[in-house]
Structure formats: C-alpha cells, structure tokens
Amino acid sequence: MANGGPEIEQLIQLLARLPGLGPRSARRAVLHLIKKKDALMIPLSAALDRAVSAVTTCEVCGNVDTRSPCHICADPRRAESGLLIVVEDVADLWALERAGAGAVRYHVLGGVLSPLDGIGPGDLSIDALLRRSPDFSEIVLAVNATVEGQTTAHYITDRLAGSGVKVTRLAHGVPVGGELDYLDEGTLSQALKARTEI
C-alpha cells in the first residue's frame, strides 16, 4: 500500500534495492530524509547528481574513481611495486586499502567464474590481467574462499603458468579473535594445512 504519493513510494522502492536495505529499512530512511530535507535530502540529491557525471571506471585496474587512471594507479609510490593484488570487486579493493595493504597495485576482476550463472572468462577482466602480468614479480589472488572464488583462482593460476610470475593467494584459516568451537570444519581444515612455525 502506497503512502505519501508516487514520488515517495518510488524513492522507497529504489532505496530498498540497495544491499542491506529491505522495504522497512528503506521506508525509515526515506522518512528520515524527508524530516531532514534541507540538511540531508537536498545535499544528497546534489551529491548523487555530481557522482552520476563524475564517477568512472579506471582503465588500468577497474577501480571506481572520479578520474582514470584512478588515484591508486596514478600514485607514484606504487609505480615501482612488483606486487599486484587481484580482487573480485571494488569493495574488496577498498577493504584492502582500509587494512593498509601498502604501496601495492590492484586488478579488479569484476566477479568470479560461475558457469551456473552463465559467467565465463570472457565476462571478467582476466585477459586484461594477463596483459598486465609481465609488469609484476608477484600476483596475489585475493578472491573469496567460495567454490566460485577458488575456481577462478585455479583458472587464473593455470593461465599464468609458465609466465615466470609468482602466483600466491591470501592465507585462509582461523581469524584473529576467533574461537575454534565456532569455526566450520572447512576453515579448521584449511587452518591446519596452512599452519606456520612460531
């Protein structure tokens, strides 16, 4: 049942499409925006208008920014980095940057291989990764520890075989602060296999 007119209902429906927001959360957000129209809604609308025209995808790594090459690719401190971190999407790149990954460079695949969903190698930026690979001494595959992520990692590793580039992946296992009793069997098994000397 629509409340407040079609414009408000459309705003609720659009916000409900965002990750983490369902119809009830979107309705609360819209009501908050309406209550704070001058302080929030008008600046948000202007920021969205500016972002629509300014945001672009980096032609080098696939990051989103307001310029291409992006700020990360244009950073002179990273120009000589021999380390390339491959991620599934931009959110992963941003997470690594927040974690302080260092003066490294990135490559965004744009997803993972998923034959069931019709996503093959041609749907990802794997060919662009292969073209960039000779510029690096090590490529870190920082994909999620899902079946699709691991399938993608194996595919890329096979494609890079014989290139002379060292291919590594992120460690998997027990998270910092994690309790063994709460971990699944797969995580525990991987942690045992990847154990290190103290």
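Filtering the range 148-179 to residues that are open to solvent by 100 Å² or more (accessible area, probe 1.4 Å), in contact with a helix residue (DSSP H, G or I) (Cβ under 7 Å, 6 or more places away or on another chain) and farther than 15 Å from LEU129 by Cα leaves only ARG169.
Residue-level check: of (1) farther than 30 Å from PRO134 by Cα; (2) surrounded by 14 or more Cβ atoms within 10 Å (Cβ to Cβ), CYS70 misses just (1).
Restricting attention to the range 17-61, and to residues there that are polar (S, T, N, Q) and open to solvent by 80 Å² or more (accessible area, probe 1.4 Å), which single residue is modelled with the lowest pLDDT? I'd like the intermediate steps shown before the answer.
First pass over the range 17-61, keeping only residues polar (S, T, N, Q): 25, 45, 53, 56-57.
Still in the running and open to solvent by 80 Å² or more (accessible area, probe 1.4 Å): 53, 57.
On the way: SER53: 94, THR57: 97.
Among those residues, the one meeting the criterion is SER53.
For the range 122-137, check the following and say yes or no: at least one residue is assigned to a loop (DSSP other than H, G, I, E, B), more than 26 Å from ARG78 (Cα to Cα), of a type outside the set (A, V, I, L, M, F, W, C) and open to solvent by less than 60 Å² (accessible area, probe 1.4 Å).
Looking only at the range 122-137, we keep the residues that are assigned to a loop (DSSP other than H, G, I, E, B), and these are 124-125, 136-137.
Applying the additional criterion that residues be more than 26 Å from ARG78 (Cα to Cα) yields none.
Within the range 122-137 (the criterion being assigned to a loop (DSSP other than H, G, I, E, B), more than 26 Å from ARG78 (Cα to Cα), of a type outside the set (A, V, I, L, M, F, W, C) and open to solvent by less than 60 Å² (accessible area, probe 1.4 Å)), the answer is no, since none of the residues qualifies.
Filtering the range 73-95 to residues that are closer than 12 Å to VAL140 by Cβ and either surrounded by fewer than 18 Cβ atoms within 10 Å (Cβ to Cβ) or of a type in the set (Gly, Ala, Ser) (or both) leaves SER81, GLY82.
Can you name the residue in the range 140-180 that is of a type in the set (A, V, I, L, M), out of contact with any strand residue (DSSP E or B) (no Cβ under 8 Å at 6 or more places or on another chain) and not in a helix (DSSP H, G or I) and, of all such residues, is farthest from ASP127 (Cα to Cα)? Even if it seems obvious, please write down each step before you answer.
Keep residues of the range 140-180 that are of a type in the set (A, V, I, L, M), which gives 140-143, 145, 147, 153, 156, 160-161, 165, 167, 170-171, 174, 176, 180.
Those left that are additionally out of contact with any strand residue (DSSP E or B) (no Cβ under 8 Å at 6 or more places or on another chain): 145, 147, 161, 171, 174, 176, 180.
So of that shortlist, the ones also not in a helix (DSSP H, G or I) come out as 145, 161, 171, 174, 176.
On the way: ALA145: 22, ALA161: 14, ALA171: 25, VAL174: 33, VAL176: 35 Å.
The selected residue is VAL176.
The values are calculated or read from the model by the stated rules, or taken from the named source; none is laboratory data. Because the structure is predicted, anything quoted here is derived from the model rather than measured. Heads up, the Cβs are rebuilt from the backbone with ideal geometry, glycines too, and the neighbour counts pull from every protein chain shown. Note: areas computed on protein heavy atoms with side chains; ligands, DNA, RNA excluded. Shrake-Rupley method; radii C 1.70, N 1.55, O 1.52, S 1.80 Å.
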